[in-house]
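Derivation of every value follows stated rules applied to the coordinates shown; laboratory data play no part. None of these values were measured; they are calculated from a predicted model. Cβ placement follows ideal geometry from the backbone for every residue including glycine, while neighbour counts extend to all protein chains displayed.
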Amino acid sequence: MEEELTCPVCLELFADPLLLPCSHSICKKCLQDIVDNRYKSGKDGLDCPSCRKSHPVSRTKVGKLPRNLALENIVFRYQEIQSQSMTRSRKSLDLTLDFQSLASLASPSQCASPLSPDVDNIVFSDDLLESCGLCEENSCRKASWYCEQCCVAYCQSCLENFHPKRGPLAHHKFRNPVKDSSSEKQAYCCDHKAEVAAIFCDKCQLLVCHLCVCEGVGKHSQHKILSLDTALVQTKETVSGTKEKLDSMIATLSEQSAKMNEITEDIENIHTQASHKIDLQYQRLIDDLTSSLRQHRHATLHRLSESKSKILAKLRTQIEENRQQMKTMENLMESSKKLLDEDHTKGLLMRAADVAPLVQKQEAVADRLHTSKQVFQELMSDKMAQQDMKQAVATFKSSSLSCLKSMLVDEADLCQSIIPVIKSPASPGKDTPRVGNKCLTTWGFNSSSFTAEPLTFNAMWSVTVEKNASQMGDLKNGYIFGVGISFGKLSLKDQVGMNSLSHGIVCTGGNLVYLHNGKIEQLMPLDGLPLSVTIYCTIDQSEGILLAYTITDATWGDTLHGKKILIDQFSRKEVYPVFTVSQRVKMQFPTYV
């Protein structure tokens, strides 16, 4: 029993035992010490010292574990019994001393055995108490008698010397010194300390002695009395029923605790995933707004640069023209100076023929100068370029605000739901993929792309991407698909987003990305299939084409939403819905819109 009541950690009797989810118990102090030591070493949880099963027990959860009240009461009762046993041993020692005092007053002949004189012929079994409890250690003799009140084994000599048959000890009961577990647990009456409690009062639920039930004397008289066997059976049945109920309650609590632990883990996991998805959506909003504003900034600066380049080209052309005229006039002035420096009359007249060409060149320069003055006047009076460049600041602000408004509008209100029309030829040709029953699948081991009819109005469409039933394997290997738009028809082997014509949501390497012209923008990991992708295409925006998308899965619903404003050289061309599938997936359109 003591082994069952011992803590597996401190190897002492249980003190404040707590019940672990695995139904094993441990002292509260021992459990607290183990959890504190694991916390200091950077570890979480607890391994049961008995079965080594791991439990998510933290420092704050130790006090929330249920107390094992049944075990605690058993330990208390066990300690009480041990204390009573020690008390009886001390009483026996005191009685022994009294026996020695009485022996000095009584003669051996007066201490006759209360049993039959033929005691030397008694044969003892292996279960008998062999040694006398009062003999000296050097000359210890075999025990012949056992006093139930004194709880001491006597040899014949010690019985005659130390246990007189007269006086208060004369009424003690003797028996053979057999090791009887029931005798070791002998109970005494609470009101009459020297009397054995051998009667059970059913009303008071108490063991009493014969004096307690005496008519008119004992306080338990007239009470219902049960035999010890009957009382024992009833008590055992009650305790067994209580124990079964406690076991059932403990099992129920353990099951509830296990389920609550599972729910706790689920909540922690859901919280982690939800936080991650919120961070992804937050980053997507920031990136989309930043990208859109960056595009408007780039477009405004590009127009500003073009305006600057035009006016500077005119000014530089005119400056170069003026420089050429200045050079020509300087040459003419040098020629005139040489003619004027001629001192000899005949020498000047001999060069008179050079005067006429000089005058003609001067007149030609004068004509060009007149034209340059007109151009100069036009350049000086034309302030449009400066005004445009100054106006670009306000234009950028207004276009940016308009862009932000476009990003905030619900594009579903602007778009009509459609199922893109993809022509299905009678037999697959070289560059004409075959489409059947609104389900897109590849006809080879490589990916295939499909181009639908061009859009003529704002439209939205959805596809559900599923695994092919015959395909297995890791989602990071071979699961390639894409949904988006293109400003030109794609061939069978063109993948969505891999050229400058197309934009789309593409799965590659186990991740969903936004792909354009081969440039990847990470969106989110592919958690699993099936999932749905919805594309919104608004083609009547003054700033460009608004491309929005929503990624939806069965667990979280709408998981990620993003928008792109496409401002490029293709924004005024026809817009085609495009799709890419590989051999491991299939795309399905809804049965109705």
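Arrange the following residues from fewest to most other Cβ atoms within 10 Å of their Cβ: H220, H172. Intermediate values should be presented prior to the final figure.
Numbers: H220 21, H172 15.
Lowest count first: H172, H220.
Specify whether the C-alpha gyration tensor of the stretch 274-407 places it in the rounded, prolate or oblate class, a ≥ b ≥ c being the square roots of the eigenvalues: rounded for a/c under 1.5, otherwise prolate if a/b is larger than b/c and oblate if not. Intermediate values should be presented prior to the final figure.
Numbers: a/c = 8.67, a/b = 4.59, b/c = 1.89.
Verdict is prolate for the stretch 274-407.
Between the stretch 354-408 and the stretch 9-29, how far is it from one alpha carbon centroid to the other, in angstrom?
Going from one Cα centre to the other spans 94 Å.
What FRET efficiency, computed as 1/(1 + (r/R0)^6) with R0 = 22 Å and r the Cβ-Cβ distance, is obtained for Q256 and D527, rounded to the nearest 0.05?
Working: r = 31 Å, r/R0 = 1.41.
Using R0 = 22 Å, I get an efficiency of 0.10.
What value does the stretch 17-67 have for Rg/Rh, both radii from Cα atoms and Rh as Kirkwood defines it? Can you show the working numbers first?
Working: Rg = 9.8 Å, Rh = 10.8 Å.
Computed over Cα atoms, the ratio is 0.91.
Neighbour counts of other C-beta atoms within 10 Å: give me S227, S131, S502 arranged from fewest to most.
Numbers: S227 11, S131 14, S502 27.
Going from least to most buried by this count: S227, S131, S502.
Among K43/K259; K346/K373; K467/K493; K193/K224; K53/K467, which pairs are too far apart, with a Cα-Cα distance over 31 Å? The partial results should precede the final answer.
Values: K43/K259 23 Å; K346/K373 40 Å; K467/K493 21 Å; K193/K224 22 Å; K53/K467 39 Å.
Pairs exceeding 31 Å: K346/K373; K53/K467.
At 0.36 nm per residue, and after removing the present C-alpha to C-alpha distance, how many nm does the segment from T317 to Q387 gain when stretched out fully?
Working: separation 70, 0.36 × 70 = 25.20 nm, distance 2.13 nm.
So the chain would gain 23.1 nm between T317 and Q387.
Would you order V213, V581, V375 from fewest to most other beta-carbon atoms within 10 Å of each residue's own beta-carbon?
Final ranking by Cβ density, sparse to dense: V375, V213, V581.
Expressed as a rounded percentage, what relative contact order does the stretch 13-74 have, with Cα pairs under 8 Å and six or more residues apart? It would help to have the intermediate numbers written out before the result.
On the way: 77 pairs, mean separation 24.1, N = 62.
Relative contact order comes out at 39 percent.
Just order 240-249, 28-37 by mean Cβ neighbour count inside 10 Å, highest at the front, would you?
Numbers: 240-249: 10.9, 28-37: 16.0.
Going by the mean number of other Cβ atoms within 10 Å, highest first, we get 28-37, 240-249.
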